[in-house]
Amino acid sequence: MRILIVGHGGREHALLWKLRRDAPDAEFFATRPTPGMAPWCEAVEIAPTDVEALAGWAAGHRIDLTVVGPEAPLAAGIVDRFRQRGLSIFGPTRDAARIESSKAYAKDLMRGAGVPTAEYRTFTNRDGAVDWVRAEGAPIVVKASGLAAGKGAVVCPTEDEAIEAIDSMLGDLTFGEAGREVVIEEFMEGEEVSVFAVCDGRDYVLLQPSQDHKRVGEGDTGPNTGGMGAYAPVSIADEALMAEAGEKVIAPTLRALAADGCPFTGFLYAGLMKTDEGLKVVEFNCRFGDPEAQVVLPLLDSSLLDLVRAVAEGRSIRGMDIRARAGFAVTTVVASGGYPAAYEKGVPMTVPDDFGDDVILFHAGTAERNGSLVTAGGRVVAVTGLADDFGSAVERSREGARRVTFEGAFHRTDIGWRELARIRAD
Ligand code: AMP
Ligand code: GLY
């Protein structure tokens, strides 16, 4: 079997890591792999968003299955194009990917389907947006409707900050086209959980719940990032909460997308908040989470390939289930100095040859220059620790992150703090 992975971040490294375990005899290919992925796959020198070139390449190289990591190629219609050419691919079509690529679309879909989420309004004009902020008061949340690499949501403690965010999105176009339309929503309070569903358009299978750490600083302070670390499973996401997520969020969303003429095939990512009024959706994404993939996939004992392949080949996954190994996974992201704002690339870095058992190094933004490893992104690596108890998983991940060194490197040392506090309180 010949499998192509589109993308080359930490999430795609984790997908490759898992799919290789599921299919040791398969041949793997990946777009522009990092030095972390490169030993395990053949490189395809095509950008993930060059949908036309990738479809031609996959057809010419007899690829049996393509798995897409990032949202950009999905929003660009990679699945539509591959299917037109009769190629098996796992991911949502461009229309179904609007669940992420247009927050306005996602909110309207949720409203129509009765999926619990924050109250909101959508605006393209400043005055209407400002009036609504004045009427609602703060705290309030201003979001660019389009794709903004996880950085398009601004939680505003005051009305003035909300108006500043509106001006920067609609006026200064700080998020480019993505911010020509803004969604302004009610501020919700509660703990967040990331839930991933493998979907075949109709039915779904839930993977283990995880929790991301989106803020750059210790204790969840500072600006939002793509994610500085994650852990799985999450004790507050117990069986009852997962059942609620399936029945009140995933199932009605899949029905609404199908009724809209765009059944969702692929990983549906529900960012959920456990509020006093029950579970509410913070956001949907049309792909796996990063760095959540780096904790959910190492804990997945049963085959991901079986699920992904069934969906890509248009078969039903009804009745299929997953089996997770016991224990915990924690991942810590090592980032470049300055991230999520401007940072340097091409900084020489060192990683230990051997992290020891139960530690996995996933490359996110790395490259090779003259035979040496250098940084090539804001998030550079994610170090996952696995253990039977949560505290040891935290320690393995943190200690692993400490051993990855380059000028300006930093990481959060408090990944999993909420879970640790719960354990200590028991
Ligand atoms: P998003 O890009 O929509 O995932 O938002 C990024 C982060 O901003 C979320 O993970 C939350 O921590 C926060 N956030 C987004 N929307 C809300 C909301 N309505 N109320 C409170 N926090 C929010
Ligand atoms: N970890 C957040 C995301 O993948 O969007």
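As a test of the definition: which semi-axes, in Å, follow for the chain when you take the square root of five times each eigenvalue of its alpha carbon gyration tensor? Largest first, please.
Values: eigenvalues 184, 137, 104 Å².
Taking √(5λ) for each eigenvalue gives 30, 26, 23 Å, largest first.
Accessible area per residue for the chain in Å², computed with a 1.4 Å probe and the full protein assembly in place, what is it?
Spelled out: the 1.4 Å probe surface of the chain, per residue, equals 40 Å².
Would you kindly derive the ³J(HN,Hα) couplings of the range 178-188 from the backbone phi angles with the Karplus curve 6.51 cos²θ - 1.76 cosθ + 1.60 (θ = phi - 60°), listing them in order in whole Hz, with x for Gly and Pro?
3J(HN,Hα) across the range 178-188, in whole Hz: 4, x, 6, 10, 10, 10, 10, 9, 4, 7, 10.
Please report the carbon-and-sulfur percent of the accessible area for the chain; probe 1.4 Å, protein heavy atoms only, DNA, RNA and ligands left out.
46 percent
Averaging over all projection directions, find the projected area of the Cα convex hull of the range 307-380 and quote it in nm² with one decimal place.
Average of the hull's projected areas for the range 307-380 equals 8.6 nm².
Distance cut-off 22 Å, Cα to Cα: go down the list 18/248; 214/280; 214/274 and report the pairs above it.
18/248
Could you give P(r) for the range 251-308, binned at 5 Å from zero, as whole percent values over all Cα-Cα pairs?
Whole-percent P(r) values from 0 Å outward: 4, 14, 19, 23, 19, 15, 6, 0.
Divide the volume of the convex hull of the Cα atoms of the range 329-426 by its number of residues and quote the answer in cubic angstrom per residue.
Given the Cα convex hull of the range 329-426, per-residue volume reads 81 Å³.
Assuming a viscosity of 1.306 mPa s and a temperature of 10 °C, what translational diffusion coefficient in µm² per second does Stokes-Einstein assign to the range 127-279, Rh being the Kirkwood radius over Cα pairs?
93 µm²/s
So how many Å³ per residue does the convex hull of the Cα atoms of the range 226-359 work out to?
Roughly 187 Å³ of hull volume per residue.
Write down, largest first, the equivalent ellipsoid semi-axes of the range 1-127 in whole Å, where each equals the square root of 5 times an eigenvalue of the alpha-carbon gyration tensor. Don't jump to the answer; show the numbers that get you there.
Values: eigenvalues 209, 50, 38 Å².
Largest first, the range 1-127 gives 32, 16, 14 Å.
Work out how much length residue 341 to residue 259 would gain on full extension: take 0.36 nm times their residue separation and subtract the Cα-Cα distance, in nm to one decimal.
25.5 nm
The values are calculated or read from the model by the stated rules, or taken from the named source; none is laboratory data. A quick note: this is a predicted structure, and the numbers were derived from the prediction, not measured. Just so you know, the surface numbers come from the protein's heavy atoms only, side chains and all, with ligands and any DNA or RNA stripped out. Shrake-Rupley method; radii C 1.70, N 1.55, O 1.52, S 1.80 Å.
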